[in-house]
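Take a look at the structure below.
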Amino acid sequence: MPSQRKVSVAQGFQAEISENAGLSLKQSHDLMGKEAGGMGNVGYTRDDLKRYLRTRRERSLKYGEAGMLIDYNFFGDVVTFDTSYKTNKEYQPLGVFVGFNQHRQIVIFGAALMYDETIDSFKWIFGTFLEAMCGKRPSTILTDQDHAMAAALSVVMPETFHGLCTFHIRRNFMKHLGNHYKKNSDLPYMFGACTYEFEEVEQFNRVWEAMVKKHNLKNNEWLSGLYRIRDKWAKCMMKERWIAGMRSTQLSENLNAAIKNHLKLDHDLVQFFRHFNQVVDEKRHNELIAEYEMR
């Protein structure tokens, strides 16, 4: 009788594993019947299992995707996008949209494994992200100095301010200008001051010109190109922009470290996202703990 039928916790867990492994509802039910010594010993029907799994999906939607949309509504004004994590079987870049909440904890808004990092691919991922977020564009998005990414953003999110990650700028600085200074050189300090310290444009320009002249960098193409887009990274040029205290994609770097604890190189795509979801669940659980402690 219906009142006597029930999917136990252990059986439900096994059903979820079977579903994740790709077994059909019938195959999953038949497997449990064989393990129990016959269908009469299972304790529920196939329809009961179907209802259980449907309820689980609805619960997952409520606290998963729906929760993500709610988080984005509150905290999606400033978003970082990073593709530096590539530790998966196909060595494809994992693009992750990240922000932070009122506890300054990581909030994951979305993620996708990309086939490549071309303009068309970035157009697709940015467009799909906006579609998933009901068309709401962030006020600011921070990325690295990827030209294809910048080109795609100018088309898909023309009204969104595109800032550059200062962490990647500093790393590229060492790559392009590392041979221009010796031990005890003040070049990195002058560059760092222009990036993080100066509040006034006049002061920025004065020190920048002094740095270029002192270290003979007038003809350095990378530095000249960086100066032309100084409104995307220099502190004095971004005073009027709403960036919520974020200047880099360091949140994504922290997320990458957490992902490495769950993922292995031999995971296929299904396994990859199943384990990635564990990282998402862990971050959301931390948010619940912070909310409880605050109250």
Taking the condition touching a Ser or Thr at 6+ places or on another chain (Cβ under 6 Å), of a type in the set (G, A, S), modelled with pLDDT under 75 and in a helix (DSSP H, G or I), does S248 pass? no
Take the stretch 58-82 and flag every residue that is modelled with pLDDT under 65, under 18 Å from F276 (Cβ atoms) and not hydrophobic (A, V, I, L, M, F, W, C). S60, Y63, G64, E65, G67
Which condition from (1) at pLDDT below 85; (2) in a helix (DSSP H, G or I) is the one that N205 breaks? (1)
For the stretch 174-189, indicate whether the set of residues that are in the same structural domain as I229 (by TED's automatic domain parsing), buried (at least 17 other Cβ atoms within 10 Å of the Cβ) and in contact (Cβ under 8 Å) with a residue 12 or more places away in the chain is non-empty. yes
Single residue of the stretch 107-131 satisfying the filter (buried (at least 17 other Cβ atoms within 10 Å of the Cβ) and small (G, A, S)) that is farthest from I259 (Cα to Cα): S121
For the list (1) at pLDDT 90 or above; (2) of a type in the set (D, E); (3) loosely packed, with under 11 Cβ neighbours inside 10 Å; (4) under 22 Å from T160 (Cβ atoms), I need the number of the one condition that E240 fails. (1)
Just the residues that are within 20 Å of R274 (Cβ to Cβ), modelled with pLDDT under 75 and of a type in the set (A, V, I, L, M), please, taken from the stretch 11-41. A15, I17, A21, L23, L25
On the given criteria, is E282 surrounded by 12 or more Cβ atoms within 10 Å (Cβ to Cβ), at pLDDT 80 or above, of a type in the set (D, E, K, R) and under 17 Å from the mean Cα position of the chain (by Cα)? yes
The conditions are (1) surrounded by 12 or more Cβ atoms within 10 Å (Cβ to Cβ); (2) over 30 Å from R104 (Cα atoms); (3) at pLDDT 75 or above; (4) not polar (S, T, N, Q), and Y44 fails exactly one of them. Which is it? (3)
Over the stretch 123-151, the set of residues of a type in the set (F, W, Y) and over 23 Å from F74 (Cβ atoms) is W124
Please give the number of the condition N261 fails out of (1) surrounded by 15 or more Cβ atoms within 10 Å (Cβ to Cβ); (2) at pLDDT 65 or above; (3) not acidic (D, E). (1)
Say we look at the stretch 149-197 and pick out the residues that are among the polar types (S, T, N, Q) and in a helix (DSSP H, G or I); which of these is farthest from T118 (Cα to Cα)? N179
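The values are calculated or read from the model by the stated rules, or taken from the named source; none is laboratory data. Bear in mind the structure is a predicted one, so any value in this text is a computation, not a measurement. Cβ atoms come from the backbone with ideal geometry, glycine included; neighbour counts cover every protein chain shown.
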